[in-house]
Structures are given as C-alpha cells and as structure tokens.
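Asks: Following this message is one structure expressed as structure tokens.
The values are calculated or read from the model by the stated rules, or taken from the named source; none is laboratory data. All values derive from a computational prediction rather than experimental measurement. Here the Cβ positions follow ideal geometry from the backbone for every residue, glycine too, while neighbour counts run over all protein chains shown. Heavy atoms of the whole protein, side chains included, go into the accessibility calculation; ligands, DNA and RNA do not. Shrake-Rupley method; radii C 1.70, N 1.55, O 1.52, S 1.80 Å.
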Amino acid sequence: MGDPKQLLPVEGDFLLDRMLREALLSDLHSVFLVLGDRARLIQKSLVTDLNHPKITVVENPCWREGLSSSIRAGLERAEKTADHVMILLADMPYITAGVINKLLQGYSASSRSLGAVRIGERWSHPVIIGRRFFPELHRLTGDRGARELFRKSAGRICLVEVGADYRDLDIDTPEDYTDYLQCLKGGGPPPER
C-alpha cells in the first residue's frame, strides 16, 4: 500500500481506530495491539486512548519476518493470562463487536480448541485459538498466519455464523480500499473477489 494500512482514513477514523473501537466494545477481556513498522507513528496518530485498561501495546521488532512474527509477539504477552486468543486483523473492516461476540459465544459453547467465522462452506477471520495450539503458533515462520493449523485441524474447528451482512474483505491493495470506500458510500456489500 505504500503507507501504513492502519492509518487509512475511513469516515473520519483510521482503519485501526475502527478495529480498536469494536474490540473495546466487545466482550473481549484484553486487547493486545501488535505494531511493527512505523509503530511510533501509528501510536501517535491514533485517536483511541492506548492507555485504556483493556489495551496492551506490543511492539514487534521482528516485523520484517511477516505476519507470523506479529502473532508470536502478541501471543508471548497474551498467553501469560489467557487460555484462548482471538486474532483480529485491522485491515478487515467488517469485523464488529457483534461479530466478535457471536464468535466468542459460539466458541465458548463448543468444546473445540479452534473457532472461526463461517463464510459459506469455509472458515474466515476472526479466529480463536485455544492454549493447546499455542506451541504451534510459536513455531510459525514467515509471512503466514494460522491457515495451515486450521487446514490440518478442520474437524476441530467451531464454525460460527455471524450474519449475512458480514464480509471478510481484507484491504491489501489500493483497489480493495477504493472498493470498500465505494461500498460505504453506496451502502452495499463489497464486490466478491
């Protein structure tokens, strides 16, 4: 994208401020905000009070290693007090407190160690990972998340329906961002890709 995606403007907010607001409005006990490249700039730019009692800012000095390093950095802090972690990606703007809470409720009611949002016949973000899989998260490398863990553990996933309005749009390109802004103006769902 050229600039930090977290600071893309969306309706008077930054993309990351929107995600933090939804996470704080949800039933999550704690929010571990993992920042890598340009962490200081991002922290200074946000409207969200990063001193909120639910927020812990975690700087990831290994951000060049990719997504896996951010997951590991957040997990190192979260696993001290949590038996389950939910991975929220700031560039997925349709994740709301309602989506988070529905996933939490469905996952908590199940006896599974993995949870994810159901989109049709597949799983999507956000995801929840139980402590029994923490060692596998610590072994992640490169620019990848827990996709392989979910793929090989398909029978252990609690898939939760969160509503027809949810879209798992991931803003990775300027075109994705433009499409998202157009959808906000028009009130419709993003185009399927």
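Asks: Any idea which residue in the stretch 141-170 is surrounded by the most Cβ atoms within 10 Å (Cβ to Cβ), counting only those that are among the hydroxyl-bearing types (Ser, Thr, Tyr) and under 14 Å from Arg122 (Cα atoms)?
Replies: Residue satisfying both the conditions and the ranking: Tyr166.
Asks: Now for a different question. Restricting attention to the stretch 24-73, report how many residues are out of contact with any Pro (no Cβ under 9 Å at 6 or more places or on another chain), assigned to a loop (DSSP other than H, G, I, E, B) and among the acidic types (Asp, Glu).
Replies: Final tally of qualifying residues: 2.
Asks: For the subset of the stretch 1-51 comprising residues that are β-branched (Val, Ile, Thr) and within 24 Å of Val127 (Cβ to Cβ), which member is modelled with the lowest pLDDT?
Replies: Applying the filter and picking the extreme gives Val10.
Asks: When the residues of the stretch 10-55 are filtered to those that are of a type outside the set (Gly, Ala, Ser) and over 28 Å from Lys102 (Cβ atoms), which remaining residue is surrounded by the most Cβ atoms within 10 Å (Cβ to Cβ)?
Replies: Initially, the stretch 10-55 is screened for residues of a type outside the set (Gly, Ala, Ser), giving 10-11, 13-22, 24-25, 27-29, 31-35, 37-38, 40-44, 46-55.
Still in the list and also over 28 Å from Lys102 (Cβ atoms): 37-38, 40-44, 51.
Details: Asp37: 11, Arg38: 15, Arg40: 9, Leu41: 14, Ile42: 21, Gln43: 15, Lys44: 9, Asn51: 7.
Selected residue: Ile42.
Asks: Continuing with the same structure: When you go through Ile87, Ile95 one by one, which is the residue that is within 17 Å of the chain's Cα centre (by Cα), of a type in the set (Val, Ile, Thr), open to solvent by 10 Å² or more (accessible area, probe 1.4 Å) and under 23 Å from Arg144 (Cβ atoms)? Let's see the steps before the verdict.
Replies: On the way: Ile95 fails: open to solvent by 10 Å² or more (accessible area, probe 1.4 Å).
Result of the check over Ile87, Ile95: Ile87.
Asks: Looking at the structure I just gave you, is Asp168 charged (D, E, K, R), under 28 Å from Leu35 (Cα atoms) and within 17 Å of the chain's Cα centre (by Cα)?
Replies: yes
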